Amino acid sequence: MIILGIETSCDETAAAVVKDGRILLSSVIASAADIFAKYGGVVPEIASRKHVEFILPVIDQALKQADYTLKDIDKVAVTYGPGLVGALLVGLSAAKAIAVSMDIPIVGVNHLKAHIAANYVSNPDIKPPFLCLLVSGGHTNILKVLDYDRIESMGQTRDDAVGEAYDKVGRVLGLEYPGGPKIDKMAILGDPEAIAFPRTKFRDDPYDFSFSGLKTAVINYMNTKEQKNETVCKEDVAASFQKAVTDVLVDNVFAALREAEMGKKIVLAGGVAANKGLRNALEARAGKENVKIYYPPITLCTDNAAMVASAAFYIPNSNMELNADPSLEI
Ligand code: KG4
Ligand code: ZN
């Protein structure tokens with residue numbers, strides 16, 4: 001089964017061809033991140049226009065890279081939510097046009113389930129059931145992946161998502177959007193114990209998260225230093241912030257793993273799954289507790305269409321009524 005995947009939920013226009021949900025034949029991503037760097041974040045209207053500009057060349061290139069034409073495609077898969085409505089509609093329109101003109105089925109894919117499916121691409125070992133830590137720009141969840149299309153949330157953020165906190169802290173450190181990968185690099189050069197930033201835990205719900213207090217603590221730290229005219233070691237701020245984030249993520253997901261009874265493995269997904277500090281912290285704890293950690297290759301952690309084409313292999317077809325759902329849940 002050859003599936004063409006299309007992804008336009010935020011600032012990446014992506015298309016990919018995947019065979020049988022697992023074998024990556026091509027993946028093309030056109031990112032507008034450079035444009036948004038100067039705005040400090042994604043501007044929805046500009047994102048939609050960039051998708052319109054990029055979508056057809058990106059699909060063409062994905063087909064060419066796989067050495068296919070549209071005639072070889074069995075199904076077209078597209079992200080229909082969550083995301084920016086105008087951005088989602090561009091991908092949906094392209095997918096519907098292909099489905100109608102080639103007379104093939106269309107499959108609407110939940111972007112969050114697609115992030116999980118990034119792990120299935122080229123990794124035959126990973127099959128449900130497993131516990132998943134999903135960390136992206138818009139979401140932070142501990143998920144019980146009971147089957148490919150049966151997912152239950154055990155915990156979620158009550159305010160900011162991890163990626164969102166990274167990008168906001170990046171901004172106060174003077175880094176361009178997206179700040180996440182830059183903080184990750186900077187953190188290697190700093191002392192993670194230099195500044196005692198808070199770790200928020202909930203007694204009533206040990207698997208939930210909150211990152212807005214941490215984000216505010218970093219902003220206050222930077223403001224106080226500036227008012228006192230004191231120099232700031234940005235590397236120490238990055239390292240201490242990253243340590244505060246990873247401590248909470250690691251503690252909560254290992255506690256959840258004990259309760260979930262889903263075997264001794266944790267699967268990471270979402271853009272922040274690319275974070276070296278998080279991967280290392282999870283691996284370190286996993287070594288002590290005899291747990292195996294899985295994560296996608298870096299190129300499949302952030303938004304791409306291979307994960308969309310993979311997820312579509314495991315779910316039913318949609319129909320032409322398929323519409324954008326900007327606040328779709330898992
Ligand atoms: O999954 P994704 O591409 O988009 C959403 O679905 O939200 O995630 C994007 C987020 C951004 O907040 C970005 O800063 C963050 O993932 N990110 C990272 C790293 N790479 C991307 N955060 C921390 N460390 C990284 N290496
Ligand atoms: Zn995403």
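The values are calculated or read from the model by the stated rules, or taken from the named source; none is laboratory data. The shown structure was predicted, so the numbers you read here are calculated from the model rather than taken from an experiment. Reconstructed Cβ throughout: ideal geometry from the backbone, glycine too, with neighbour counts over all protein chains shown. Heavy atoms of the whole protein, side chains included, go into the accessibility calculation; ligands, DNA and RNA do not. Shrake-Rupley method; radii C 1.70, N 1.55, O 1.52, S 1.80 Å.
Name the single residue that is farthest from ligand 2 (Cβ to nearest atom) among those in segment 138-154 being farther than 23 Å from K19 by Cα and open to solvent by less than 10 Å² (accessible area, probe 1.4 Å).
So, considering only residues that are farther than 23 Å from K19 by Cα and open to solvent by less than 10 Å² (accessible area, probe 1.4 Å), the one farthest from ligand 2 (Cβ to nearest atom) is I142.
If a residue has to be out of contact with any Ser or Thr (no Cβ under 7 Å at 6 or more places or on another chain) and more than 9 Å from ligand 1 (Cβ to nearest atom) to count, how many in segment 157-179 make the cut?
Number satisfying all stated conditions: 8.
Among the candidates L257, L328, L268, L322, which residue alone is more than 21 Å from P82 (Cα to Cα) and not polar (S, T, N, Q)?
Just a single option satisfies the conditions, and that option is L257.
Among the helices (runs of 4 or more DSSP H) confined wholly to segment 182-291, which include 1 or more residues that are more than 28 Å from N119 (Cβ to Cβ), touching a residue at least 24 places away in the same chain (Cβ under 8 Å) and open to solvent by less than 60 Å² (accessible area, probe 1.4 Å)?
212-227, 234-260
So, in segment 14-27, of the ones that are touching a residue at least 60 places away in the same chain (Cβ under 8 Å) and assigned to a strand (DSSP E or B), which residue ends up farthest from Y68 (Cα to Cα)?
Residue satisfying both the conditions and the ranking: A14.
Let me confirm something: among D204, D184, D251, D236, which residue is among the acidic types (D, E) and under 19 Å from the mean Cα position of the chain (by Cα)? If you could, list the steps in order and put the result at the bottom.
Numbers: D204 fails: under 19 Å from the mean Cα position of the chain (by Cα); D251 fails: under 19 Å from the mean Cα position of the chain (by Cα); D236 fails: under 19 Å from the mean Cα position of the chain (by Cα).
Checking each option against the conditions leaves just D184.
Are any residues in segment 292-307 near ligand 1 (Cβ under 10 Å from one of its atoms) and open to solvent by 50 Å² or more (accessible area, probe 1.4 Å), and if so, which ones?
Matches in segment 292-307: I298, T302.
Name every residue in segment 155-176 that is in a loop (DSSP other than H, G, I, E, B) and more than 14 Å from ligand 2 (Cβ to nearest atom), in order of residue number. Let's see the steps before the verdict.
Filtering segment 155-176 down to residues in a loop (DSSP other than H, G, I, E, B) leaves 158-161, 173-176.
Matches in segment 155-176: R158, D159, D160, L173, G174, L175, E176.
V76 passes all but one of (1) within 16 Å of ligand 1 (Cβ to nearest atom); (2) surrounded by 24 or more Cβ atoms within 10 Å (Cβ to Cβ); which number fails?
Only one criterion in (1) within 16 Å of ligand 1 (Cβ to nearest atom); (2) surrounded by 24 or more Cβ atoms within 10 Å (Cβ to Cβ) is unmet by V76, namely (1).
Evaluate the following for K182: is it closer than 18 Å to S136 by Cα, within 16 Å of ligand 1 (Cβ to nearest atom), touching a Leu at 6+ places or on another chain (Cβ under 6 Å) and in the same structural domain as K234 (by TED's automatic domain parsing)?
Taking the combined requirement at face value, the residue satisfies it.
Every residue in segment 105-125 that is surrounded by fewer than 18 Cβ atoms within 10 Å (Cβ to Cβ) and modelled with pLDDT of 95 or more, please.
Going through segment 105-125, the residues surrounded by fewer than 18 Cβ atoms within 10 Å (Cβ to Cβ) turn out to be 105, 122-125.
Result: P105, single match.
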